Amino acid sequence: MYSTSGRVVNISPRLEANSADSYYRLEVVASDVHSIVMPLELDKMDDRLHHLESEVIERTPDIICELKSQVESFKRKLESVEHLSWMGLFKDDGEQQQQHCRFSTKPNRPQLSVQEERQRVRMKFLNMSSLQVTEEVREHLKTPIFDNWQWEEAEMLVLLQVMYTDLDFLTAFHIELEVLQNFLFEVYCHYNNIPFHNFQHCFCVTQMMYGLIWLTDLRSKLGRIDLLIMLTSALCHDLDHPGYNNVYQINAQTDLALRYNDISPLENHHCAVAFGILAKPECNILKNLTSEQYKHIRGGMIKCILATDMARHNEILSKFKVIQPVFNFTNRDHKEVLMKIMVKVSDISNEARPMAVAEPWLDCLLQEFFNQSDTEKLKGLPVTPFMDRDKVSKPSSQTNFIQFVLLPLFTELTKLFPCLEQHILEPVRRALEYYSDMERASKEEQSTTKA
């Protein structure tokens with residue numbers, strides 16, 4: 001290609017456009033490139049380039065996705081730094097001065113295998129667990145406004161250890177610290193790297209349960225063994241979740257559905273995995289209990305985890321509505337229903353958190369939903385309506401869920417614990433208003449576009 005002055009021009013995206021006064025002249029060098037014999041060394045180079053190109057195409061998507069995930073994670077940490085560990089999260093046992101423990105940012109670290117990453121988390125967890133969490137963070141941990149997005153896995157493990165310690169479980173049930181740490185780490189290892197039902201979700205549910213225990217003063221109303229059941233049920237309630245719900249398991253006739261005869265296959269599996277972990281002597285936080293205590297805890301955990309199957313939501317809520325006006329903390333049946341309700345509330349409590357915390361969780365949930373509906377379409381299975389990316393919008397999914405699931409459940413619990421009006425019920429009402437406004441704006445925009 002030549003310019004009007006006859007100068008050879010390099011072809012690039014920055015070339016100015018042709019015009020009547022300034023135009024480019026093309027000279028045909030070859031009309032049939034296949035007829036030109038290429039030197040042998042160039043042929044080899046061409047093969048190598050084709051191979052390199054295929055390698056790049058094959059590997060780039062995973063690398064880009066991983067990098068994007070890391071950038072988003074780091075961005076969230078930078079946007080809200082009030083309780084980041086690099087701002088002085090920990091203090092030494094013997095000193096009042098705070099330690100500055102910086103995050104180890106992943107972009108500069110070579111990509112690790114799953115096992116290598118887990119061992120990195122374990123070492124960081126054990127190193128950090130020798131430090132003491134500040135009182136400020138301990139108090140913040142007891143509130144529903146706690147922001148999970150600021151914390152890495154190892155830090156979340158430290159905070160879970162704090163929950164068990166501050167509720168005095170180690171002393172009451174003769175739990176050795178090392179055994180608790182092994183148990184927590186094994187729980188972490190048994191959550192899968194999926195968009196929503198992952199270890200961060202496990203932490204959020206457990207932290208909400210912990211916060212509710214303090215907010216409602218359940219420590220003075222229930223025995224410590226029941227508090228242990230609720231907290232540990234929250235911790236284990238989604239162990240080894242595959243990212244596809246019970247409807248999919250049953251329709252696809254998966255091994256889990258066949259094993260549990262289509263009866264709450266996921267929840268039964270979560271329970272089985274939990275007690276599989278506890279069966280390991282080095283992880284058995286219940287090993288120093290009497291057989292009666294163990295039987296009580298096992299039975300309670302199974303009931304609480306099975307209660308998280310949303311197919312049983314109306315059944316459990318109806319029972320609670322009946323007993324709520326005459327609720328008696330000394331009545332065993334009443335307490336059992338309350339414990340189920342507390343775990344259920346914790347499990348679906350994201351909308352009770354600040355919007356900056358809650359909304360990213362909705363994005364994660366929809367991603368997992370859409371993954372399932374895409375798979376259902378590919379396999380010719382019935383498509384779950386509220387998961388279909390072609391039919392569901394972000395605001396519509398939440399307005400219905402909040403209106404018909406969250407508000408009825410949270411309202412009943414608030415009747416028993418009026419203190420939850422401000423901390424749980426009001427934020428959920430604000431979330432409904434937020435998504436209702438978003439849905440109206442979306443519909444108005446669609447109407448304008450059609451017009």
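Scanning the stretch 404-411 finds no residues that are more than 18 Å from residue 313 (Cα to Cα), out of contact with any Asp or Glu (no Cβ under 7 Å at 6 or more places or on another chain), modelled with pLDDT of 95 or more and crowded, with 19+ Cβ neighbours inside 10 Å.
Residues of the stretch 284-294 include at least one that is in contact with a His (Cβ under 6 Å, 6 or more places away or on another chain), over 24 Å from residue 424 (Cβ atoms) and assigned to a loop (DSSP other than H, G, I, E, B). Among the numbered conditions (1) assigned to a helix (DSSP H, G or I); (2) open to solvent by less than 30 Å² (accessible area, probe 1.4 Å), the only one that residue 363 does not meet is (2).
Hey, could you check the stretch 295-335 for residues that are among the small types (Gly, Ala, Ser) and either under 22 Å from residue 248 (Cβ atoms) or not in a helix (DSSP H, G or I) (or both) and say which is least open to solvent (accessible area, probe 1.4 Å)? Don't jump to the end; show me each part of the working.
Start the filter on the stretch 295-335 by keeping residues that are among the small types (Gly, Ala, Ser), which leaves 299-300, 307, 311, 318.
If we keep only those that are either under 22 Å from residue 248 (Cβ atoms) or not in a helix (DSSP H, G or I) (or both) too, we end up with 307, 311.
Numbers: 307: 0, 311: 91 Å².
Checked the stretch 295-335; the qualifying residue least open to solvent (accessible area, probe 1.4 Å) is 307.
Only one residue in 258, 239 is among the aliphatic types (A, V, I, L, M), modelled with pLDDT of 95 or more and within 20 Å of the chain's Cα centre (by Cα), so which one is that? Before you say what the answer is, go through the steps one by one.
Details: 258 fails: within 20 Å of the chain's Cα centre (by Cα).
It is 239.
If the condition is being touching a residue at least 40 places away in the same chain (Cβ under 8 Å) and assigned to a helix (DSSP H, G or I), then the stretch 368-384 contributes 368, 371, 372, 375, 376, 379.
Can you work out which of the residues in the stretch 95-129 that are among the aliphatic types (A, V, I, L, M) and within 25 Å of residue 178 (Cα to Cα) is modelled with the lowest pLDDT?
Let us first name the residues in the stretch 95-129 that are among the aliphatic types (A, V, I, L, M), namely 112, 114, 121, 123, 126, 128.
The next check asks that each one be within 25 Å of residue 178 (Cα to Cα); those that pass are 114, 121, 123, 126, 128.
Working: 114: 89, 121: 96, 123: 96, 126: 94, 128: 92.
Looking at the filtered set, the residue picked out is 114.
Of all residues in the stretch 267-290, those that are farther than 20 Å from residue 310 by Cα and open to solvent by 70 Å² or more (accessible area, probe 1.4 Å) have Cβ atoms under 8 Å from Cβ atoms of residues that are among the basic types (Lys, Arg) and in a loop (DSSP other than H, G, I, E, B), 6 or more apart or on another chain, in 281/287.
Rundown of residues vs (1) among the hydroxyl-bearing types (Ser, Thr, Tyr); (2) closer than 25 Å to residue 290 by Cβ, yes/no style:
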{"position": "178", "(1), (2)": "no, yes"}
{"position": "183", "(1), (2)": "no, yes"}
{"position": "208", "(1), (2)": "no, no"}
{"position": "214", "(1), (2)": "no, no"}
{"position": "229", "(1), (2)": "no, yes"}
{"position": "235", "(1), (2)": "no, yes"}
{"position": "254", "(1), (2)": "yes, no"}
{"position": "258", "(1), (2)": "no, no"}
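Listed conditions (1) among the small types (Gly, Ala, Ser); (2) closer than 20 Å to residue 203 by Cα; (3) without any contact (Cβ under 8 Å) to a residue 60 or more places away in the chain are all met by residue 233, apart from (3).
The values are calculated or read from the model by the stated rules, or taken from the named source; none is laboratory data. What you see is a predicted model; the values in this text were computed from it and never measured. Neighbour counts are summed over all protein chains in view; Cβ atoms, including those assigned to glycine, are modelled from backbone coordinates with ideal geometry. To get the accessible areas, we keep the full protein, side chains included, count just its heavy atoms, and leave off ligands, DNA and RNA. Shrake-Rupley method; radii C 1.70, N 1.55, O 1.52, S 1.80 Å.
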